[in-house]
1. Inspect segment 91-105 for any residue being under 16 Å from CYS127 (Cα atoms) and not in a loop (DSSP other than H, G, I, E, B) and give the result as yes or no.
2. Please indicate, with yes or no, whether at least one residue in segment 58-76 is closer than 24 Å to ALA126 by Cα, among the β-branched types (Val, Ile, Thr) and part of a strand (DSSP E or B).
3. Just a yes or no: is a residue in segment 106-113 part of a loop (DSSP other than H, G, I, E, B) and over 13 Å from PRO64 (Cα atoms)?
4. Given the conditions (1) closer than 20 Å to ILE14 by Cα; (2) outside any loop (DSSP other than H, G, I, E, B), report the number of the one that ALA153 does not fulfil.
5. When you check LEU102 against the structure, is it closer than 19 Å to GLU47 by Cα, open to solvent by 50 Å² or more (accessible area, probe 1.4 Å) and under 14 Å from the mean Cα position of the chain (by Cα), yes or no?
6. Within segment 20-57, can you find the residues that are open to solvent by less than 20 Å² (accessible area, probe 1.4 Å) and either without any contact (Cβ under 8 Å) to a residue 12 or more places away in the chain or assigned to a strand (DSSP E or B) (or both)?
7. If I ask for residues that are within 14 Å of the chain's Cα centre (by Cα) and either open to solvent by 80 Å² or more (accessible area, probe 1.4 Å) or closer than 13 Å to TYR18 by Cα (or both), which ones from segment 128-148 would you list?
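The values are calculated or read from the model by the stated rules, or taken from the named source; none is laboratory data. Note that the structure is predicted; figures quoted are calculated from it, not measured. Because the Cβ atoms are built from the backbone with ideal geometry, glycine has one as well, and the counts that use them run over all protein chains shown. The protein model used for the area step is the full one, side chains on, heavy atoms only, and it has no ligands, DNA or RNA in it. Shrake-Rupley method; radii C 1.70, N 1.55, O 1.52, S 1.80 Å.
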Amino acid sequence: MQRGQRQDEDYLLIASGYLVAGERVLLVHHRHFDKWVPPGGHVQPGETFAEAAEREFLEETGIPVRALSAAPPIHPPDSNATPTPTPFYCDVERDGFARPALVQFFFVTPTEGLRTPRPELREVHACEWFGAADLGGLRTFAQVRSVAAHALARHP
């Protein structure tokens, strides 16, 4: 593949959400990774990244959320272009995936008030809240520590 050539089929498409409440961030203990990560998963056909983040967050935690845009509106919706929330961070991840995953991370907010998380035990072992002081010793990826710390400091 040449530089700049699009090969979307080579990447898995993943979206995740970061929910912060009371100076703590909600993470799930993922069964496949055996690590604490933000709720998220694969983008399904016909979904935007933001819609996938919302759906996966609800599926894994039982908390309905709305993705927040990290950028201000530039153009109002019209018959040609409908803005979607922009992620606050994107990366390409390799560990634990059969092929590289293009991942977009969104700040999310509850749509029906903050509920007690109910983990979906087929996908995750648990859901827990973590403060900044907890991140250093957490069994997770270095990237999750960095992004969770950013979310704790800058969640709208």
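1. no
2. Scanning segment 58-76 turns up at least one residue that is closer than 24 Å to ALA126 by Cα, among the β-branched types (Val, Ile, Thr) and part of a strand (DSSP E or B).
3. no
4. Of the numbered conditions (1) closer than 20 Å to ILE14 by Cα; (2) outside any loop (DSSP other than H, G, I, E, B), the odd one out for ALA153 is (1).
5. Spelling it out, LEU102 is indeed closer than 19 Å to GLU47 by Cα, open to solvent by 50 Å² or more (accessible area, probe 1.4 Å) and under 14 Å from the mean Cα position of the chain (by Cα).
6. VAL25, LEU26, LEU27, VAL28, VAL37, GLY40, GLY41
7. If the condition is that a residue be within 14 Å of the chain's Cα centre (by Cα) and either open to solvent by 80 Å² or more (accessible area, probe 1.4 Å) or closer than 13 Å to TYR18 by Cα (or both), then VAL144, ARG145, SER146, VAL147, ALA148 are the ones that fit.
Table: residues versus (1) at pLDDT below 95; (2) closer than 20 Å to GLU59 by Cβ.
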| position | (1), (2) |
| --- | --- |
| PRO77 | yes, no |
| THR82 | yes, no |
| CYS90 | no, no |
| ARG94 | yes, no |
| PHE107 | no, yes |
| THR111 | no, yes |
| PRO119 | yes, yes |
| VAL124 | yes, yes |
| ALA133 | no, no |
